[in-house]
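Colleague: Dropping the structure in here first, questions after.
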Amino acid sequence: MPGYEQDLKTDPPCHPRACAIQDCLQRSGYQEDKCQKQIDALYECCNAFYQKNGDDASCVSCPKAPLLRLKMKQRGQTG
């Protein structure tokens, strides 16, 4: 979980990662494929959030835990 400790302490958790996606999308003309690095970073932060707080935890910046794991699996990220 290195690098995500600070993001987990923000309110809401992982919010800076979600903002980075929005900024990237605006800069790229909403071409999601150009923002995949930022999307992956959010997923990693959210995964760390659920590992720390349990799958029943809630975070407005993150998809629900089962959906997050499905998205990470589709992206080839380990969870």
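The values are calculated or read from the model by the stated rules, or taken from the named source; none is laboratory data. None of the values given here were measured: they were computed from a predicted structure. Counting neighbours? That spans all protein chains shown, and the Cβs are built from the backbone with ideal geometry, glycine included.
Colleague: Would you mention how many residues in the range 1-13 are loosely packed, with under 12 Cβ neighbours inside 10 Å and in a helix (DSSP H, G or I)?
Modeller: Result for the range 1-13: 3.
Colleague: Do we find that residue 70 is without any contact (Cβ under 8 Å) to a residue 40 or more places away in the chain and surrounded by 12 or more Cβ atoms within 10 Å (Cβ to Cβ) in this structure?
Modeller: Judged against the criteria, residue 70 is a match.
Colleague: At pLDDT 95 or above and among the aromatic types (Phe, Trp, Tyr) - does that describe any residue in the range 2-20?
Modeller: Within the range 2-20 (the criterion being at pLDDT 95 or above and among the aromatic types (Phe, Trp, Tyr)), the answer is no, since none of the residues qualifies.
Colleague: Hey, can you tell me all the residues within the range 14-29 that are closer than 20 Å to residue 50 by Cα and not in a helix (DSSP H, G or I)?
Modeller: 14
Colleague: Also: Any residue in the range 38-52 that is over 18 Å from residue 71 (Cβ atoms) and either without any contact (Cβ under 8 Å) to a residue 24 or more places away in the chain or not aromatic (Phe, Trp, Tyr) (or both)?
Modeller: Yes: one or more hits.
Colleague: If a residue must be outside any helix (DSSP H, G or I) and in contact with a Ser or Thr (Cβ under 9 Å, 6 or more places away or on another chain), how many such residues does the range 50-79 contain?
Modeller: Total meeting the criteria: 2.
Colleague: Further question: Scan the range 30-49 and tell me whether some residue there is in a loop (DSSP other than H, G, I, E, B) and out of contact with any His (no Cβ under 8 Å at 6 or more places or on another chain).
Modeller: Taking every residue of the range 30-49 in turn, at least one turns out to be in a loop (DSSP other than H, G, I, E, B) and out of contact with any His (no Cβ under 8 Å at 6 or more places or on another chain).
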